[in-house]
């Protein structure tokens, strides 16, 4: 089985559900979930959506599979309808790199980690490499169990 087609394991499914519940409890259910097209990322997205109460379509894109900072910026710039809260479900090292680029902070993001970033933009097409955001919170599944 290819890496792209590898399903989410039981621990990953439990952690995704836990993070979805956290989103609901914190009042930060996303307006838009964008997922890598990898099977395990989509499984994660569905579990998060179900447990958080997310009621919209999950957008899947191959661009977020082995994505780099350029890919994340491209996806952000292409977002229409200007949703307030966007959630990426993707892979490392790309997630750690985009977090570092947008906040100036490097954090290790284990599987199912959740980082909340605030960005000073009114429209997603305004995002640039030098946009200076702030990491407001970071949750790790092992700390929530």
Residue hits (region 1-30; assigned to a loop (DSSP other than H, G, I, E, B) and surrounded by fewer than 15 Cβ atoms within 10 Å (Cβ to Cβ)) are 1, 2, 6, 7, 9, 27
Scanning region 120-145 for residues that are without any contact (Cβ under 8 Å) to a residue 60 or more places away in the chain, touching a strand residue (DSSP E or B) at 6+ places or on another chain (Cβ under 9 Å) and buried (at least 16 other Cβ atoms within 10 Å of the Cβ) gives 124, 133, 135, 138, 140
Can you name every residue in region 110-119 that is modelled with pLDDT under 95 and surrounded by 12 or more Cβ atoms within 10 Å (Cβ to Cβ)?
-> 111, 112
Give me a count of the residues in region 55-83 that are more than 20 Å from residue 38 (Cα to Cα) and either surrounded by 20 or more Cβ atoms within 10 Å (Cβ to Cβ) or in contact with a strand residue (DSSP E or B) (Cβ under 9 Å, 6 or more places away or on another chain) (or both).
-> 3
For residue 98, indicate whether it is surrounded by 19 or more Cβ atoms within 10 Å (Cβ to Cβ) and not in a loop (DSSP other than H, G, I, E, B).
-> yes
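The values are calculated or read from the model by the stated rules, or taken from the named source; none is laboratory data. All values reported here derive from a predicted model rather than from experimental measurement. All Cβ positions, glycine included, derive from the backbone under ideal geometry; neighbour counts span all protein chains shown.
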